[in-house]
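Notes follow the structure.
Read-outs: derived from the displayed coordinates by stated rules, not from any lab. Here the structure is a predicted model, which is why all the values come from computation and not from measurement. Backbone-built Cβ (ideal geometry, glycine too); neighbour counts: all protein chains shown.
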Amino acid sequence: MELAECPVKTTVDIMDGKWKPLILYWLAEGPQRSGDLRRRIPRATQKMLTQQLRELERDGIVRRQVFAEVPPKVEYSFTPHGRTLRPLLKMMCAWGNRHRRRQRN
């Protein structure tokens, strides 16, 4: 199998980015405003957060909705295709919890 055909590589390419997994984790909870994501991921700069959200939007994972309000309100949510990542994110959470417990023992 060629590397470009590897399904794991395809998945990693979508989630590749320092903050993308955390962005996806919080979006699995429901729609988020960019300020909410900044508070939940405080070490991510606004520039990096915006860049990674744009990449997820470009890949069809995230939807950006702008509300005609003053000041403008922007909300991010999963697209229907992005919602298919929820089981993977749940498995990652479960594995992470098991790993932390293992490390404590």
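Among 50-62, 90-102, how do they line up by average Cβ neighbours within 10 Å per residue, starting with the highest?
Result, highest mean Cβ count within 10 Å first: 50-62, 90-102.
I'm checking a number: the convex hull volume of the Cα atoms of the stretch 50-105, normalised per residue, in Å³. What is it?
Details: hull volume 6.5 nm³, N = 56.
Considering the Cα atoms of the stretch 50-105, their hull volume per residue is 117 Å³.
About its Cα centre, how strong a charge dipole does the chain have in debye, to the nearest 20, once Lys and Arg get +1 and Asp and Glu get -1 at the Cβ?
Charge dipole of the chain: 720 debye, to the nearest 20.
Less than 18 Å apart at the alpha-carbon level, and either on another chain or at least 8 residues along: which aspartates and glutamates does that give for residue 20?
Partners found: 29, 36, 55, 57, 59, 75.
Hey, any idea what Rg/Rh is for the chain, computing Rh the Kirkwood way over Cα pairs?
That ratio equals 1.02.
Would you mind getting me the FRET efficiency between residue 73 and residue 10? Use the beta-carbon distance for r and R0 = 30 Å, nearest 0.05.
Working: r = 33 Å, r/R0 = 1.11.
So, using R0 = 30 Å, E works out to roughly 0.35.
Towards the positive end of the charge dipole of the chain, with charges on Cβ (+1 Lys, Arg; -1 Asp, Glu), say which of 45, 95, 11 has the farthest Cα.
Toward the positive end, the furthest listed residue is 95.
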